Amino acid sequence: MKRILTLIVVLVAFSMMVFAQGQRRGGPPPAMAVGERPDPTAALKNTLNLTDAQVESIKTLMTTRQQRAQVIQSEIEQKRQVFEGVLNAPSPNPADVGNAAIVLRAAEKKMQAESDWFMVELKKLLTADQQQTLDNLIAARTPIPGLGPGFGAGMRGAVMRRP
């Protein structure tokens, strides 16, 4: 029974690694990799009918999100390297691989928590009508202009709750 559980942990960990490798290879489209990027808040301003003051507050919030996400991403990369190291050892110890996978997954969950935090803080800056528009976009799984990938399309229902 213990061997089966260890095998399952190793298979899950390997699947996570393969998925993560595929995600990292995606990268930005070539058109976005060269030159200046458009102001992301301009599209968001139009979509949610934001005031200039709201746009400035959202820009500050987005900067904070970016800084916090960079710290988490560095942690994820470090945990991923440890995981890959124990997985690719000449004789991988299943317990070490499983533990490294669990630690890596915990670090990855911090990024989702960061996205949830950002959405809660963003909603605090919006009027009730703007929050409803945002909730409708999320419910429709529509990508939200100006918030980047992952916001709107694919958002979990939990972040749709009002703070």
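The values are calculated or read from the model by the stated rules, or taken from the named source; none is laboratory data. Note that this is a predicted model, so its numbers are computed, not measured. Positions of Cβ are backbone-derived with ideal geometry, glycine not excepted, and every protein chain shown enters the neighbour counts.
Would you say THR51 is over 22 Å from VAL103 (Cα atoms), within 17 Å of the chain's Cα centre (by Cα), at pLDDT 85 or above and among the hydroxyl-bearing types (Ser, Thr, Tyr)?
Criteria not met by THR51.
For residues that are closer than 22 Å to LEU137 by Cα, in a helix (DSSP H, G or I) and of a type in the set (S, T, N, Q), tally how many sit in the range 40-65.
Looking only at that region, the number is 5.
State all residues of the range 37-67 that are exposed (fewer than 14 other Cβ atoms within 10 Å of the Cβ), closer than 19 Å to GLU121 by Cβ and small (Gly, Ala, Ser); if no residue qualifies, say none.
ALA53
When only residues in the range 107-139 that are in contact (Cβ under 8 Å) with a residue 12 or more places away in the chain and of a type in the set (Gly, Ala, Ser) count, which is surrounded by the fewest Cβ atoms within 10 Å (Cβ to Cβ)?
ALA139
I need the full set of residues from the range 97-136 which are touching an Asp or Glu at 6+ places or on another chain (Cβ under 9 Å) and small (Gly, Ala, Ser), in order please.
Result: ALA100, ALA107.
Look through GLN81, GLN70 and report the one residue that is surrounded by fewer than 13 Cβ atoms within 10 Å (Cβ to Cβ), over 24 Å from MET119 (Cβ atoms) and within 22 Å of the chain's Cα centre (by Cα). Please lay out each step first, then the result.
Details: GLN70 fails: over 24 Å from MET119 (Cβ atoms).
After ruling out the rest, the residue left standing is GLN81.
Could you grab me the full set of residues in the range 79-94 that are within 11 Å of ALA107 (Cβ to Cβ) and either among the hydrophobic types (A, V, I, L, M, F, W, C) or free of Cβ contacts under 8 Å to residues at least 12 places away in the same chain (or both)?
Taking the range 79-94 and keeping what is within 11 Å of ALA107 (Cβ to Cβ), we get 79-80, 82-83.
Within the range 79-94, VAL82, PHE83 qualify.
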